[in-house]
Amino acid sequence: MPDLRIHLESAVLRHPDLQFTEPLNWSLKSGEQWVVIGPNGAGKTRFAEVLAGKHALKSGHLSRPWFEARGISPSEGLRMLSFHSIYGLTEDYRTHSYQQRWHSDESDQAVSVRDILGQQLHPGRSNEWINRLQADDLLDKRLIHLSSGELRRFLLIQALCKTQTPALLILDNPYIGLDAAGRAQLNEGMQALVEERIQLILLLSNPDDIPAFCTDVQVIDQLRLTVAKKRTEFLLDLNLQQALFPEPVQQKNDIYEAAPNDSPFVIECKSVHIQYGKHVLLHDFNWAIREGEKWALRGPNGSGKSTLLSLIHADNPQAYANDIRWYGKKRGSGESIWDIKRNIGYISPELHHYYQKDISCLQVVGSGLHDSIGLYKKLNASQQQQAIDWMARLGIKQLVDRPFLRISYGEQRMCLLARALVKNPGFLLLDEPLHGLDRSHKFHIRQLLDEYARSNHATMIYISHYPEEIPACVTQHKFLSKINSNENK
């Protein structure tokens, strides 16, 4: 069949830890644009990796008739872009630590976006996509300084603009980390790809993200391909969506106890200025947050939201050069970063990027008790139970003994959320906490955060590009605008 691009027939994976619950049967034909949708841990990424030939088969058959007839190898004609693509970009992501992202003196020699694009990509096509995704402001930035949303745009340009244009592109949760403008640009870009006859397979966890150009939807749940429908049929089938992403039952819990503090202000920023090279992120920035306040921090990709949280979390050394006070005390007045972090629960895309430790999920959650990336102190029995209890509250107790690097992106996110909450902190810094979570888990986490924040009068800063993801307890908003560096020369 000349229009048959990929065909899976009774495929069973060789590795026993990677097998699906039943053999895989699936086909992709020319002109089809698929969404593979399912809850966290359903097997979406693993299924896409099978299509890309990344897993050996024990039995069954994987063929690519369209590619084979044209002598196109899978490595040239099929490209997969996922969260884990970050680690193959450059030595920067393999050798730099999380803290070095914020240390300009340690990362000045880090490779720039322009360096990578110039080395690897077709010049004309990369210029076209840089313009299309409005990414020209990224070119002179160091790779490790890119925000989560900026990094996604860069990865997409890199995937699309190699010398050999892919015939099939698989995008794993492509909307994660993008602001509203970025999502619109991405949709326009993907529509242009379809018009260029490049096929797309999108792996999604939210029915609301399904774009108009997609033709078909494959549902995957509990490591099994279930229903396949046309896009319109799937969107009209509300019963199927409810079964796939049920709203969890609210569970009351009053055990949260955060330690009180003497100062009425949790954090005070006075005329803060943050700059990396020519790039100014914050200028004459002022903000004071009282204990118990819940704030949403908003702004476009690259406006400095994550950098601001790195200052508040005591990760960024530029805090020493600025007037920033924690509970009334200025940085450098004798307190250690561990004194500051002790009462803070923190999660961010950057922390997730760098948390590449081959340890159990229980150890990842327990590392929040010591504010470390990785666990370097053995948990005692009480600490172990505390971590298990939080995993149970987040609905991931079944992951206790699973290796962190072998679970899905969404499951990893839930573990890092449990890590942020495990010590019952009085101050929550939540940077895109619902990244990669399916609709059910997002609903559950919002409920849990509302309950937590109200029951212990906790202070919160919450970052999200989706207004509907902000918990109901958040009543105040701070907006950061992107600074034109030329204005401050």
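The values are calculated or read from the model by the stated rules, or taken from the named source; none is laboratory data. Here the structure is a predicted model, which means the values were calculated and not measured. FYI the Cβ positions are ideal-geometry reconstructions off the backbone, even for glycines, and counts take in every protein chain you see.
With respect to the conditions (1) touching a residue at least 12 places away in the same chain (Cβ under 8 Å); (2) within 21 Å of ILE337 (Cα to Cα), CYS415 falls short on a single one, namely (2).
Condition check for ILE6 on (1) over 18 Å from GLN199 (Cβ atoms); (2) in contact with a Leu (Cβ under 7 Å, 6 or more places away or on another chain); (3) not in a loop (DSSP other than H, G, I, E, B): one failure, at (1).
Residue-by-condition table, conditions (1) touching a residue at least 60 places away in the same chain (Cβ under 8 Å); (2) outside the structural domain of PRO467 (by TED's automatic domain parsing); (3) closer than 23 Å to LEU417 by Cβ:
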{"site": "CYS269", "(1), (2), (3)": "no, no, no"}
{"site": "LYS278", "(1), (2), (3)": "yes, no, no"}
{"site": "TRP287", "(1), (2), (3)": "yes, no, no"}
{"site": "LEU309", "(1), (2), (3)": "yes, no, yes"}
{"site": "ALA314", "(1), (2), (3)": "no, no, yes"}
{"site": "LYS330", "(1), (2), (3)": "no, no, no"}
{"site": "ILE337", "(1), (2), (3)": "no, no, yes"}
{"site": "GLU350", "(1), (2), (3)": "yes, no, yes"}
{"site": "HIS353", "(1), (2), (3)": "yes, no, yes"}
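Checking the structure you have, find out if any residue of segment 297-319 is in a strand (DSSP E or B) and within 30 Å of GLN185 (Cα to Cα). The answer is yes, given that some residue of segment 297-319 is in a strand (DSSP E or B) and within 30 Å of GLN185 (Cα to Cα).
So which of LYS230, LYS141 ends up being out of contact with any Leu (no Cβ under 8 Å at 6 or more places or on another chain), crowded, with 21+ Cβ neighbours inside 10 Å and not hydrophobic (A, V, I, L, M, F, W, C)?
Criteria check complete, one pass: LYS141.
Which of the residues belonging to segment 1-41 are closer than 23 Å to LYS230 by Cβ and among the aromatic types (Phe, Trp, Tyr)? Within segment 1-41, TRP26, TRP34 meet the criteria.
Here the helices (runs of 4 or more DSSP H) wholly within segment 362-476 that include at least 1 residues being out of contact with any Ser or Thr (no Cβ under 6 Å at 6 or more places or on another chain) and under 23 Å from LEU178 (Cα atoms) are 409-421, 439-455.
Please work out if SER303 is in contact with a helix residue (DSSP H, G or I) (Cβ under 7 Å, 6 or more places away or on another chain) and either among the β-branched types (Val, Ile, Thr) or crowded, with 20+ Cβ neighbours inside 10 Å (or both).
No: the conditions fail for SER303.
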